[in-house]
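Here the structure comes first, spelled out in structure tokens, and everything after it is commentary.
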Amino acid sequence: MSQGDPEGDTFDNRLPKELLLQAGGPLLFIPYTFRGAFKAARVGICWDGSRLAARALRDAMPFITDAAALTTITLNASEVPPDASPERLLTHLARKGLPAKAVSLQADRSDLQASILSIAADESLDLLIMGGYGHSRLQETVFGGVTQEMFRSMTVPVMMSH
């Protein structure tokens, strides 16, 4: 699905959010600024140890297994449960023959989405994999969230699962 114009409050901007919540499967979002052919040679996996991150990982396996390079992205790793740590994710991927590079950094709650896109640019990623709407819709509406911010300013294709 193509990203709508982030400056407008139109049906095109509300549709991706509703589809993500209602589709029952992953959705691939293409930034409205994207040009050229889509490829997923360099894939970034956003990991916070949550159910949604695990679902996105599972849903994205066709992209992940075909990727030339994988990067796991974990922000504020100290907040990730130990049984779902970034290290355990790397071990899980390695057991499947999918070696990955890990990038981890501390970020303020208000800078999570910008940090993810910064890492995507630094690593020249072609695709980001992430869970979408990990908080309630009310909380996302009132306080914002990574999913809403990504819908507004994605710079690379993003596959989301809810």
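The values are calculated or read from the model by the stated rules, or taken from the named source; none is laboratory data. Only a predicted model underlies this, so the values are computations on that prediction, with no experimental measurement involved. FYI the Cβ positions are ideal-geometry reconstructions off the backbone, even for glycines, and counts take in every protein chain you see. Keep in mind that these areas ignore ligands, DNA and RNA; they rest on the heavy atoms of the full protein, side chains included. Shrake-Rupley method; radii C 1.70, N 1.55, O 1.52, S 1.80 Å.
Look through K101, K96 and report the one residue that is open to solvent by 60 Å² or more (accessible area, probe 1.4 Å) and closer than 15 Å to I129 by Cα. After ruling out the rest, the residue left standing is K101.
The residue of the range 60-73 that is most open to solvent (accessible area, probe 1.4 Å), among those that are more than 15 Å from E87 (Cα to Cα) and among the β-branched types (V, I, T), is T65. Is it the case that L57 is buried (at least 18 other Cβ atoms within 10 Å of the Cβ) and touching a helix residue (DSSP H, G or I) at 6+ places or on another chain (Cβ under 7 Å)? Considered against the rule, which asks whether it is buried (at least 18 other Cβ atoms within 10 Å of the Cβ) and touching a helix residue (DSSP H, G or I) at 6+ places or on another chain (Cβ under 7 Å), L57 comes out as no.
I'd like to check something: does the range 114-123 contain any residue that is at pLDDT below 90, farther than 17 Å from A53 by Cα and open to solvent by 20 Å² or more (accessible area, probe 1.4 Å)?
Looking for residues that are at pLDDT below 90, farther than 17 Å from A53 by Cα and open to solvent by 20 Å² or more (accessible area, probe 1.4 Å), one finds none in the range 114-123, hence no.
Just need a number here: residues in the range 32-48 that are open to solvent by less than 40 Å² (accessible area, probe 1.4 Å), closer than 20 Å to M150 by Cβ and either in a loop (DSSP other than H, G, I, E, B) or at pLDDT below 95 (or both).
Residues that pass the stated criteria total 2.
The single condition among (1) open to solvent by 50 Å² or more (accessible area, probe 1.4 Å); (2) among the polar types (S, T, N, Q); (3) within 17 Å of the chain's Cα centre (by Cα) that N76 does not meet is (1). Taking the conditions (1) buried (at least 20 other Cβ atoms within 10 Å of the Cβ); (2) farther than 18 Å from G145 by Cβ; (3) at pLDDT below 95 in turn, F29 satisfies each one other than (2). Only one entry in F29, F34, F38 is touching an Asp or Glu at 6+ places or on another chain (Cβ under 9 Å) and touching a residue at least 60 places away in the same chain (Cβ under 8 Å), namely F38.
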